[in-house]
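**Q** So that we are looking at the same thing, I have put the structure below in structure tokens.
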Amino acid sequence: MNNLDATDWKLLEILQENGKLTTKEIAQKVNLSPTPVYERIKRLEKTEVIKKYVAIIEAEKIGRTLTVFCNITLKEHTKEIGNKFVKDIISLKEVTECYNISGDYDFLLKIIIKDMKHYQSFVINDLGAIQNIGSAHSTFVIGTIKHSYAIPLQ
């Protein structure tokens, strides 16, 4: 991280705001020619400071109207059981994020799904099929106040 200079930080800021800008457009914003900007971006990608580029889709526009945060507690805590749980969770397309957390729960899942009926089926058929879940506590999102994909850079 110490090898990032002010221009690298500016490039990251610009790309987080709009990853579809051309190298030429980015170069104009940082007062450099396109070649060094291209090389800097490639270095940031190679070192995985920039992990990947994606299209951000508005979930409701494609019929995914329910966001659920689900806290999971495992019955047992062994390496094999934990690894199996992680493998099973990764395979569920409705689970968009999974965090191993401290406190009263072991994992926090973010689930984006069509509606409550679909969530009920998901809990019974998908989460219910995963062995060693001791409890699942669901919190339903009523409204989103702030949602950003950008990582704070300063």
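**Q** Kindly provide the set of residues from the stretch 66-81 that are without any contact (Cβ under 8 Å) to a residue 24 or more places away in the chain and surrounded by 10 or more Cβ atoms within 10 Å (Cβ to Cβ), ordered by number.
**A** If the condition is that a residue be without any contact (Cβ under 8 Å) to a residue 24 or more places away in the chain and surrounded by 10 or more Cβ atoms within 10 Å (Cβ to Cβ), then THR78 is the only one that fits.
**Q** Looking at this structure, is LYS24 open to solvent by 30 Å² or more (accessible area, probe 1.4 Å), out of contact with any Leu (no Cβ under 9 Å at 6 or more places or on another chain) and assigned to a loop (DSSP other than H, G, I, E, B)?
**A** No: the conditions fail for LYS24.
**Q** While we're looking at this one, here's another question. Examine the stretch 103-115 for a residue that is over 30 Å from THR7 (Cβ atoms), open to solvent by less than 100 Å² (accessible area, probe 1.4 Å) and free of Cβ contacts under 8 Å to residues at least 24 places away in the same chain, and state whether such a residue exists.
**A** Restricting attention to the stretch 103-115, the residues satisfying the condition of being over 30 Å from THR7 (Cβ atoms) are 103-115.
Now narrow it down to the ones that are open to solvent by less than 100 Å² (accessible area, probe 1.4 Å): 103, 105-115.
Add one more test, that the residue is free of Cβ contacts under 8 Å to residues at least 24 places away in the same chain, and what stays is 103.
There is at least one residue in the stretch 103-115 that is over 30 Å from THR7 (Cβ atoms), open to solvent by less than 100 Å² (accessible area, probe 1.4 Å) and free of Cβ contacts under 8 Å to residues at least 24 places away in the same chain.
**Q** Restricting to the stretch 28-68, count the residues that are among the acidic types (Asp, Glu) and over 18 Å from ILE14 (Cα atoms).
**A** Here the count works out to 2.
**Q** Checking GLN120 against (1) closer than 30 Å to ALA6 by Cα; (2) surrounded by 10 or more Cβ atoms within 10 Å (Cβ to Cβ), only one condition comes out false. Which one?
**A** If we test GLN120 against (1) closer than 30 Å to ALA6 by Cα; (2) surrounded by 10 or more Cβ atoms within 10 Å (Cβ to Cβ), just (1) comes out false.
**Q** Now for a separate question. ILE56 is checked against (1) in contact (Cβ under 8 Å) with a residue 40 or more places away in the chain; (2) among the aliphatic types (A, V, I, L, M); (3) under 18 Å from GLN120 (Cα atoms); (4) part of a loop (DSSP other than H, G, I, E, B) and fails just one. What number does that condition carry?
**A** (3)
**Q** So, one more: Any residue that is under 26 Å from VAL49 (Cα atoms), among the basic types (Lys, Arg) and in a strand (DSSP E or B) - is there at least one of those in the stretch 96-115?
**A** For the stretch 96-115, residues under 26 Å from VAL49 (Cα atoms), among the basic types (Lys, Arg) and in a strand (DSSP E or B): present.
**Q** Can you report the number of residues in the stretch 70-80 which are modelled with pLDDT under 95 and not charged (D, E, K, R)?
**A** So the answer is 2.
The values are calculated or read from the model by the stated rules, or taken from the named source; none is laboratory data. Predicted, not measured: the structure shown is a model, and the values here were computed from it. Heads up, the Cβs are rebuilt from the backbone with ideal geometry, glycines too, and the neighbour counts pull from every protein chain shown. What goes into the accessible areas is simple: the full protein's heavy atoms, side chains included, and nothing from ligands, DNA or RNA. Shrake-Rupley method; radii C 1.70, N 1.55, O 1.52, S 1.80 Å.
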